[in-house]
1. Just read off the accessible area of D:SER136 with the full protein assembly in place, 1.4 Å probe, to the nearest 10 Å².
2. What is chain B by shape, rounded, prolate or oblate, if you read a ≥ b ≥ c off the alpha carbon gyration tensor as root eigenvalues and call it rounded for a/c under 1.5, prolate for a/b larger than b/c, and oblate otherwise?
3. Round to the nearest 0.05 the FRET efficiency obtained for A:HIS111 and B:ASP22 when R0 = 56 Å and r is the Cβ-Cβ distance.
4. Once the label point is set 7 Å along the Cα-to-beta-carbon vector, what list of distances in nm do you get between A:ALA98 and its counterparts in the other copies?
5. Ignoring ligands, DNA and RNA, what percent of the 1.4 Å accessible area of the protein assembly as shown is carbon and sulfur?
6. Sort A:ASP58, A:ASP100, D:ASP122 from largest to smallest accessible area, using a 1.4 Å probe on the heavy atoms of the protein chains.
7. Express in Å², to the nearest 10, the accessible area of C:TYR87 obtained by rolling a 1.4 Å probe over the protein heavy atoms while all chains stay in place.
8. For segment A:114-124, take each phi angle, set θ = phi - 60°, evaluate the Karplus expression 6.51 cos²θ - 1.76 cosθ + 1.60, and give the result in whole Hz per residue in order, putting x for glycine and proline.
4 protein chains.
Amino acid sequence: MKAPELQASEWFNTDKDLKISDFEGKVLVIEAFQMLCPGCVSHGVPLAQKIERTFPHDQVAVIGLHTVFEHHEAMTPVSLAAFLHEYRITFPVGVDMASDTAMPLTMQAYHMRGTPSLVLIDKEGQLRAQHLGDVSELQLGAEIANLVGERVAVRVDDDPTQVNLGQCNADGCTV
Amino acid sequence: MKAPELQASEWFNTDKDLKISDFEGKVLVIEAFQMLCPGCVSHGVPLAQKIERTFPHDQVAVIGLHTVFEHHEAMTPVSLAAFLHEYRITFPVGVDMASDTAMPLTMQAYHMRGTPSLVLIDKEGQLRAQHLGDVSELQLGAEIANLVGERVAVRVDDDPTQVNLGQCNADGCTV
Amino acid sequence: MKAPELQASEWFNTDKDLKISDFEGKVLVIEAFQMLCPGCVSHGVPLAQKIERTFPHDQVAVIGLHTVFEHHEAMTPVSLAAFLHEYRITFPVGVDMASDTAMPLTMQAYHMRGTPSLVLIDKEGQLRAQHLGDVSELQLGAEIANLVGERVAVRVDDDPTQVNLGQCNADGCTV
Amino acid sequence: MKAPELQASEWFNTDKDLKISDFEGKVLVIEAFQMLCPGCVSHGVPLAQKIERTFPHDQVAVIGLHTVFEHHEAMTPVSLAAFLHEYRITFPVGVDMASDTAMPLTMQAYHMRGTPSLVLIDKEGQLRAQHLGDVSELQLGAEIANLVGERVAVRVDDDPTQVNLGQCNADGCTV
């Protein structure tokens, strides 16, 4: 399945409006988070930072997506900017575009069920995996390596979304 | 030394404007924090919550103080309210009163050097200890028990402030 | 209740055969452990080491007691000596005296229900608290401080043993 | 480089004397540890257990190797058996064959510099990586996935041993 396009009203840590196609040839990791979601702060965002440090940047790209679906007035771009500074997040972060419901547009398009959600997109822009809540680093390392190792070839997945439900009551925020 | 009075522009989780004298007869623990300070989120606030769960409420009271000295526009009361909800903080939290400098008034009066700062005030309203950054739970448990066990009596400390400097570069925020 | 006497077949990190009376005037903390009990290694023994580092040695003494009640042939004094060296345990450790049952003598006398067990004995040699499994550091710090602060006086507890049952299935070893 | 043969005087959790060739067609992970090495207990052995749980057993095999190079009299097979039971280690564990020096034979053949050491051997029995001390799970997951994904083909590494030196002073045991 083609990964739905990113719809962001604003970007941090980058000068341009990023699109999925900007990452073709690389594995793209999207960390969808909310700055006031405890599970995002304690493990979602740190995991994205570890991925950025572990894999070569010409093979794996990491971006964040601020997918606010609650407390909108508390998590404005002004607050997000300070959060990114305090937590030393240096990868590009987009603000998911507000919709006429509580859930923003990209989050809807990916059928995300909460935050943190980690999305893996392959070198050809196909959505290959989506994890909600806590993720095993061993398994994630293996999944990323598998995508890095792939030859460019068309592959069709009927249902590529592998949702990890899990210890998300206290840690993460389910929709 | 008499503990400086609390100066708060707003309170959460309580109906009244709290004063130091409201806690006479109890040991008062003040957790001074900023909602976007990583060390406050990872250990300062959780420690205050543990103190609240561990000691009898008729002997030890815990309150928070939102002492914002940076990114003021990012940590408004609207954002703080959502933070308290998401992190399930149920003790009273005051918003330290803004001054004409970056540092708010109560924080100035206590000569705090950053966040998280944990303040211990005895049953008679005397400032007895002040810790910056990470704190040993064993030692803190002992300090609180010592204050709980004290007979009410005048005690004069020339310099009651015991500042723990420490692993505050990455964890906490020094002024 | 008078604390039952220590019955050890051998001592490490000390030249003499220690008795409860050797610690009169100090609070005595006894960490009862087995070197192959996972909960003892991960939190029981480290907690005893923290107590030793936190409190003044003229007020609080820490000793260990190797209370082997299973796998006796695997946890001989020869193995214990290497364990103490590798884990840098410097406080005195006694080998609880074997009995004609699996459970050694001191462990029996204290009615311990497993390892790790942490025992608190006051300045006058009275048994004041006994915790099985994981222990809150805040609470333990308070308990030790309370005993340190006590004037020497006779106090009779009908049942001084406060046994903390808890997360001892995976962590500790219940008898 | 062809992985040196396993030389074990005894095996646990298996009926047969295992050889490298028994694992051809699978990626083989060898966790070399000592039961009284703190870093082995806190992260080396748990990591091996996680690998065993994460990867399909028809693709990745995990075995342990008890490479005792100090305190030999304290870490005999009798003690090891109790350790394996208490820590619920269910993968095969070999006792590295004693030599006329302190260091046992397999450990010598692999030029291991201490414990824990984690060795990766590919489907064709080639030694591909060797890590001393703490290892990033993300990176290790990627390395294992890369070996799983390989077509069977001859590959020559001049120096395949990638030794991770690191936080091994307190955690691990360097030769």
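1. 50 Å²
2. It is rounded, given that a/c, with a ≥ b ≥ c, falls under 1.5.
3. That pair, A:HIS111 with B:ASP22, gives E of 0.65.
4. 2.2, 7.5, 7.6
5. After summing per-atom areas, the C and S share lands at 51 percent.
6. Highest to lowest solvent-accessible surface, that is A:ASP100, A:ASP58, D:ASP122.
7. Spelled out: C:TYR87, probe radius 1.4 Å, area about 40 Å².
8. x, 10, x, 10, 10, 10, 10, 10, 7, 5, 9
The values are calculated or read from the model by the stated rules, or taken from the named source; none is laboratory data. What you are looking at is a predicted structure, and each value in this text was computed from that prediction instead of being measured. Positions of Cβ are backbone-derived with ideal geometry, glycine not excepted, and every protein chain shown enters the neighbour counts. Just the protein is used for accessible areas: all its heavy atoms, side chains included, with ligands, DNA and RNA removed. Shrake-Rupley method; radii C 1.70, N 1.55, O 1.52, S 1.80 Å.
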